[in-house]
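Since every read-out is calculated from the coordinates, none of them should be taken as a lab result. The shown structure was predicted, so the numbers you read here are calculated from the model rather than taken from an experiment. Here the Cβ positions follow ideal geometry from the backbone for every residue, glycine too, while neighbour counts run over all protein chains shown.
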Amino acid sequence: MTVGPAPPAMRRCPRCGHLTRADRMIKGYGRDCAAQLGLIGRTVDTGHVGPDLLDLLTEEPEDACDGGDRPADRP
Ligand SMILES: [Zn+2]
């Protein structure tokens, strides 16, 4: 077999259809979608403390769940 880091388990976000790392999903949705659906409170225990989470997400495309890790070779 090949040598290297194992690819993370990917699951399709039911909201936007993008593949998202399963270990980052929240209630079955990508993190961004979960935030937009209100599944993430402002005091969620992600270890993040600060201003409104959505303020930090505006730098990313609004339909991107997990841009850094999302492969681009899937429809
Ligand atoms: Zn999504």
| field | Fully extended contour minus Cα-Cα distance, from residue 23 to residue 6, at 0.36 nm per residue | value | 4.8 nm
| task | Quick one: what are the phi-derived ³J(HN,Hα) couplings along the range 3-20, Karplus 6.51/-1.76/1.60 with θ = phi - 60°, whole Hz, x for glycine and proline? | result | 9, x, x, 5, x, x, 5, 10, 10, 8, 5, x, 8, 10, x, 7, 6, 9
| query | What order, most packed first, do the peptides 5-13, 22-30 have when packing is the mean number of other Cβ atoms within 10 Å of each residue? | reply | 22-30, 5-13
| Sequence-distant or interchain residues sharing an amide H contact under 5 Å with residue 19, placed H: which? | 13
